[in-house]
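What follows is one structure encoded as structure tokens, with my remarks underneath.
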Amino acid sequence: MPLILTIESTCDETAAAVINDRLEVLSAVVASQEKFHEQFGGVVPEIASRAHVERILPVIDSALRKAGVRLSDLDAVAVANRPGLAGSLLVGLMAAKTLALAGNLPLIAIDHLQAHIYACRLAAGKDVFPCIGLIVSGGHSNIYRCETPLDFTPLGGTIDDAAGEAFDKVASMLGLGFPGGPALQRAAEQGDPKKFRLPRPLLDDDSRLEFSFSGLKTAVRYQLFGAGKPEMNAATLDPQLVADMAASVQAAIIDCLAGKAMLALQQTGFQRLCIGGGVAANRPFRERMERLAAERGIELHIPPLSLCTDNAVMGAIALEKYNAGQFATLDLEISAGLERPHLARST
Ligand code: KG4
Ligand code: ZN
């Protein structure tokens, strides 16, 4: 029975899991770094890579022990080598290469974004391909046509900030702390989403499967502190105003994501939508998508919260590559940076 060790270190979670050929999760370990980055209000790449270095071996060791397997029991080692923070990716990749070499195991490269969509396959317990894949994470808001787990074609995405980034930056402006997404969602529960009129860029443009979230920060800033470069001090903001702004921003982001996901389904004629990434943990977003799917007869898959944010279990997509004989060589490199479909098209 093939056993695969999967390693994830693309951003600020160090994670490992052991999966078998029936996609059963034998173990899953995640070491979060939230407390290191909290004080800076965002992920600091250098701190993230150092924390990965300290944690990667204990995390892998713990995943193997929990699964009750030794290195010699494994049939392959898989690692997310793209996209992400360069230093963070390197730590996972070097660990995976070393284990592959030491254990004489095949190495499998995982695309972190595709893995986020594959989390839907795991949660569904059945095939979810072909589908439209919407990835909404801290760095990405991309839409893919996913014919099979091995065949993803980008259809569009954000032309500037990602949805998660918008949540994080506005949360920071509102003094809500880090990570911003969950904090903003909590604050929004007491707020009125119609209180502030915020832009929904590109939403009315049916010719483009694109998002633009960077203007939201400016719009929020202007509405809270006025135009120009006024002193910003979240501590001076009334809690109700913060809640109203949080609710208004959340509603604007959800409108854009929902609108373009529906447009992608309409343009392609697909009836199945899979959503992955940290922002897919947002409760009002999940509820909106569930309502829309029910109204329009769309088969919707969103993973449980633990499989939305970064984890190694979704690296089970490596099993698809294993079965297809798609192995990497030991000179596998990382591919850092953000995947922006509109830039790929224009080059
Ligand atoms: O997928 P992920 O864990 O890491 C990346 O690959 O980037 O996504 C992290 C992002 C962060 O921007 C975080 O604020 C956002 O997901 N997020 C949320 C929620 N939980 C996490 N955004 C909105 N609402 C949430 N409940
Ligand atoms: Zn992610």
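Other residues within the sphere of radius under 14 Å centred on the Cβ of K217, judged by their own Cβ, net out at -1 (K and R +1, D and E -1). Its alpha carbons give segment 206-347 an Rg and a Dmax of 19.7, 59 Å.
Expressed in units of 2.2 N^0.38 Å, where N is the residue count, the Cα radius of gyration of segment 1-110 is 1.04. With 21 Å as the limit, write out which pairs from K35/K229; K169/K229; K195/K217; K35/K217 have Cα-Cα distances beyond it, or answer none. Distance filter (> 21 Å) returns K35/K229; K35/K217.
You can think of it this way: the chain between E38 and R200 has 55.4 nm of extra reach, that is 0.36 nm per residue less the Cα-Cα gap. For the pair Y222 and R345 in one chain, pulling the backbone fully straight at 0.36 nm per residue adds 41.0 nm over the alpha carbon distance. Expressed in units of 2.2 N^0.38 Å, where N is the residue count, the Cα radius of gyration of segment 127-305 is 1.04. For K126, the lysines whose Cα falls under 23 Å of its own Cα, not counting residues fewer than eight places away in the same chain, are K321. Distance from the C-alpha centroid of segment 168-186 to that of segment 231-308: 16 Å, rounded to the whole angstrom. Pairs of alpha carbons in segment 214-280 separated by more than 21 Å make up 43% of all such pairs. Here the mean projected area of the convex hull built on the C-alpha positions of the chain is 17.6 nm².
Dividing the Cα radius of gyration of segment 63-163 by its Kirkwood radius returns 1.03 for Rg/Rh.
Where a number appears in this text, it was derived from the coordinates with a stated rule and is not lab data. What you see is a predicted model, and the numbers here were worked out from it, not measured in a lab. Virtual Cβ from ideal backbone geometry, glycine too; neighbours counted across all protein chains shown.
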